[in-house]
Structures are given as C-alpha cells and as structure tokens.
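Asks: To start, I am sharing the structure in question, which I have written as structure tokens.
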Amino acid sequence: MLAFVVSVPRVDAELASDALWALGVVAIEERDPAGQAEDQFVELWTSLGDDVYVVERATAGFSPEWRWRLVEVDESVADTWRIHAVPTWVDADLVVCPAWVSFEPPANVQVIRIEPGATFGLGDHPTTVLSIRALRSEVFAGASVLDVGCGSGVLGVAAALFGARRVDAIDLSPAAPAVTHHNAAANHVAGVVSATTTALAEMDGPYDVVVANILAPTLVDLAPELQRVTSLSGVLIISGVLADRHEHVQAALAPMRTVSRDVIDVWAAITLRW
Ligand SMILES: C[S@@+](CC[C@H](N)C(=O)[O-])C[C@H]1O[C@@H](n2cnc3c(N)ncnc32)[C@H](O)[C@@H]1O
C-alpha cells in the first residue's frame, strides 16, 4: 500500500491539511521529518490510494513549495490512525463514534457508529459535522433523502435515524455502497438506506432533502442535476465549500436561495430552497 507524503513549511500545515481533506482523504497524520532543521517543515502522511494518475491530478494545484512523495507502507502501519480516533460531538446530544472505539454515552445522547473502511466519512470532518446538523434540522418523519457522495454513508445513516422513510445514497467510489450498507445495518436502519454507484444524472427524484458534501468545483458541475432532484418544496444542503469562497457555488444554484449557513473553522454548509 502507498502512503502519500507531503512535506510543507510548518506555516502551511493547516492550508495543506485542508487541501488534503478537500481531496477526500480519510485521515492525516502530522510527523516531524527526520533530519530536517527543527520547526521549518512538517510532513503530512495520508493515502490517496495506489493509482498514481489520481495522485498526479491531485497535486496539480499544490504550492510549488510543497514536496510530495509516495512511500510503500505495510497495511498495519497505515492503520495506526485508528488508535487515535475518538468520538466526535455533533451536538450536545449527538455523537458520531468510530465503530471500534468503546464509548458509553451519557443518558439521552444519540450515537451513530461508523466504520469508514476505505471511504471518506468517519464523521469527524467539519463539513460532515455541519451536514449532519443541517440534516437534523431539515429531515422530517417520512422524508425522502438523497445523499450525493455518500462515502461511508454517515450522512444517509444520520438522515435515516432522524426519521427519513427512504434514503438513496450514491458515490463514484466502488467501495462506498458496501461500507454504507454495513453502517446502515450497524445503526439499525438497513431497511431505509440503499446505496449504489449510480450517477446523479441517472437518479429519478425528486427528493424532500438532498445533501451533497463534495468539493466546490464538483458541486458547480453537478448544480443542474442537484436542482433537478430537489423537490419544489424540498431543501438542498451543500457542504465541502470554504466559508469565505462559495458565492460561485450559490450562483451556480440560482434561482435557489440560501436559507441558512453554518461555519466551522474554514468550512461552511449551506441550505438552499426554491
Ligand atoms: C468529502 S467526501 C463526503 C463523504 C460523506 N458524505 C461525509 O460527509 O463524510 C465526498 C465524497 O463524494 C464522492 N464524489 C465525488 N464526486 C462525486 C460525484 N460526481 N458523484 C458522486 N459522488 C462523488 C467522493 O468519492 C467522496 O466519497
């Protein structure tokens, strides 16, 4: 298995981490590089899979100061991030917990247990947290929901737990449907969530709630299809956009109008209606 290692000036560490999260990585480990002058550089270890073409494309937008390399690692080392995984509090009464972490919830706290496998969606990324919060306020009992870019299925599973009658979940990643079905079963909503690799253009709709936590350029490309599958009385929740740079995504979705916006760190989620 190949680890993707980016060496960046320490001042760029947060920016580079955000760029990696935006590429859909599952975990990032920060390490001090061996033999480097103290404090100047930091290494970000992650995985983009073993397809070198994907890596080449991903690095096209990197700053020229950022150096990257691929390192062969054994799977057990690649999984050390699991040891450090912790539950993520979405709200005072709602937690997303890695499936292998033992966690005794206080009374009246709802727990969503997620095993991400080889997909994005442990539940700890700010865009995922924002999307779950938006779903919680928009999903009503009996709603139909479409989770576009479902990854681990964390958003679809959350929607089902919030009372959706039917959740369709789609992703380009061939790993996503099995992981999503596993997580739906683990959270006792297997009968509600159906995951496939069907392209958005082939989904029928319309849905009461559509959620898409995907990068801004993809949201812009998908805008006409996202609109088509959102019912006239429904809502579209988008995340994966930067808090200070998403006007172009809103413009692509016009005439839908923004009805709410929430921010964590540099990330935003936006809820739109017709
Ligand atoms: C940032 S991850 C979000 C995963 C999960 N929904 C969450 O909120 O944690 C984005 C996901 O969108 C998927 N994706 C990217 N472009 C897509 C497209 N055009 N259609 C469907 N899925 C797509 C990626 O494979 C990835 O799993």
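Asks: Can you tell me which of (1) modelled with pLDDT under 95; (2) assigned to a helix (DSSP H, G or I); (3) farther than 30 Å from residue 257 by Cβ is the one residue 174 doesn't meet?
Replies: Exception for residue 174: condition (2).
Asks: Out of all the residues in region 204-241, which are more than 21 Å from residue 171 (Cα to Cα) and either in contact with a Phe, Trp or Tyr (Cβ under 7 Å, 6 or more places away or on another chain) or outside the structural domain of residue 152 (by TED's automatic domain parsing) (or both)?
Replies: 232, 234
Asks: What are the residues in region 151-194 that are β-branched (Val, Ile, Thr) and closer than 13 Å to residue 119 by Cα, if any?
Replies: If the condition is that a residue be β-branched (Val, Ile, Thr) and closer than 13 Å to residue 119 by Cα, then 154, 170, 179, 180 are the ones that fit.
Asks: Quick one: what pairs do we get from region 11-27, first residue in contact (Cβ under 8 Å) with a residue 60 or more places away in the chain, second among the aromatic types (Phe, Trp, Tyr) and assigned to a loop (DSSP other than H, G, I, E, B), C-beta under 8 Å, 6+ apart or different chains?
Replies: Close Cβ pairs satisfying both conditions: 24/120; 25/120; 26/120.
Asks: Also: Could you please tell me which pairs satisfy a Cβ distance under 8 Å, a separation of 6+ or placement on different chains, a first residue in region 122-144 that is on the phi > 0 side of the Ramachandran plot, and a second residue that is assigned to a helix (DSSP H, G or I)?
Replies: Pairs that qualify, where the first residue is on the phi > 0 side of the Ramachandran plot and the partner is assigned to a helix (DSSP H, G or I), are 123/129; 123/132; 123/154.
Asks: While we're on this one: Considering 194, 173, which residue is surrounded by fewer than 24 Cβ atoms within 10 Å (Cβ to Cβ), among the hydroxyl-bearing types (Ser, Thr, Tyr) and over 16 Å from the mean Cα position of the chain (by Cα)? Before you say what the answer is, go through the steps one by one.
Replies: On the way: 173 fails: over 16 Å from the mean Cα position of the chain (by Cα).
Matching residue, one of 194, 173: 194.
Asks: Then there's this: Name, by its number, the condition in (1) outside any loop (DSSP other than H, G, I, E, B); (2) out of contact with any Leu (no Cβ under 6 Å at 6 or more places or on another chain) that does not hold for residue 120.
Replies: (1)
The values are calculated or read from the model by the stated rules, or taken from the named source; none is laboratory data. All of these numbers come straight from a predicted model, not from anything done at the bench. Here the Cβ is made from the backbone with ideal geometry for all residues, glycine too, and neighbour counts use every protein chain on show.
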